[in-house]
Amino acid sequence: MPRILDESTPIRPDVPISLHPDSLLGIGETLDAEGTLGTSVLAAAREALRSGYDLFGRMNEAERDLQAMADPARRRQHAAERGGRTDYSDNVRMKNGKPTRVVDAEDFITAAEQAFARVSPAIDRRMKELNGYRDVLATRVATALDHPARKTPEGLALAAEVRAHVKAMKKPEQRMQFVVQAVEAGDIPTVAAVLHAQPFLSGLDAPAHAVVRSRAAAKFAPVDNAQLGATEAAINHVAASSSALVKRYGDILALRNAPAAKAAKSLKALEGAGR
């Protein structure tokens, strides 16, 4: 069983499940291979998600407790002859489809700012780690698809002959079959000659060239190639989760524009007037 579930973070109903560390389960098996770089990738991605998940939940708890202190929102239904509209008491905003009265949230906002200032850099560091791991894996795959002698005079001449031979084939499917057979046979000089040049030099179009590279990567660097794809998926996942956290944080900062918050600031300014 993959070790991805060994450290469990309780699931909260008030936080998007996509922020939970175990939302990486789909790529966890690929990365959680002992002795590979993938374990470091998985650890960094899980830690980034764990930090965001915890902060998101704590912000929700704080706002919930803050709103519990407020008077309930009151609704007034106007008579039909007066339009039949519904009014709510002031300082009310919709939260999860429910009218909720907003109280002075300055202390809450300040606490959220301080918490975000602590957690955000930690997530950024993990993202930097992930990008570094991706670059290492990409380099490994690229190296596996090359031949040490390709850049020598003899290697360059051989590569040119290989590409000319492939391009001389009359049908596109013949060219593709020839190169794929070279991949399956482990003929790295032939494969490298095709991959490390523009597709048209071998008579291939860009999609066919991409297919060849994908099959070659799976053949010559199976673990690193699979973990490269999983790492890119992890980076995208953490980035999306970070965006959700930033949006939640932005919603909290927006409370400063609520009438109660503005009134509290005005009162504090009035208290200090003339001093």
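Only one of the numbered conditions (1) open to solvent by 20 Å² or more (accessible area, probe 1.4 Å); (2) over 24 Å from the mean Cα position of the chain (by Cα) is violated by H237, and that is (2). For region 109-123, the criterion of being farther than 30 Å from Y249 by Cα, buried (at least 17 other Cβ atoms within 10 Å of the Cβ) and out of contact with any Lys or Arg (no Cβ under 6 Å at 6 or more places or on another chain) is met by none of the residues. Of the residues contained in region 218-227, none is found to be of a type outside the set (D, E, K, R), at pLDDT below 95 and open to solvent by less than 30 Å² (accessible area, probe 1.4 Å). The residues listed here are A208, A197, A182; of these, the one that is within 33 Å of the chain's Cα centre (by Cα) and assigned to a helix (DSSP H, G or I) is A208. Taking residues in region 202-227 that are over 18 Å from H165 (Cβ atoms), and partners anywhere that are acidic (D, E), the pairs with Cβ atoms closer than 9 Å and at least 6 places apart or on different chains are R215/E184; A217/D224; K219/E184. Annotation note: of A142, A160, the sole residue that is closer than 21 Å to V211 by Cβ, surrounded by 12 or more Cβ atoms within 10 Å (Cβ to Cβ) and of a type in the set (A, V, I, L, M) is A142.
The values are calculated or read from the model by the stated rules, or taken from the named source; none is laboratory data. Bear in mind that the values here come from a model prediction, so they are computed numbers and not experimental data. In this analysis, Cβ positions are derived from the backbone assuming ideal geometry, glycine residues included, and neighbour counts consider all displayed protein chains. Just so you know, the surface numbers come from the protein's heavy atoms only, side chains and all, with ligands and any DNA or RNA stripped out. Shrake-Rupley method; radii C 1.70, N 1.55, O 1.52, S 1.80 Å.
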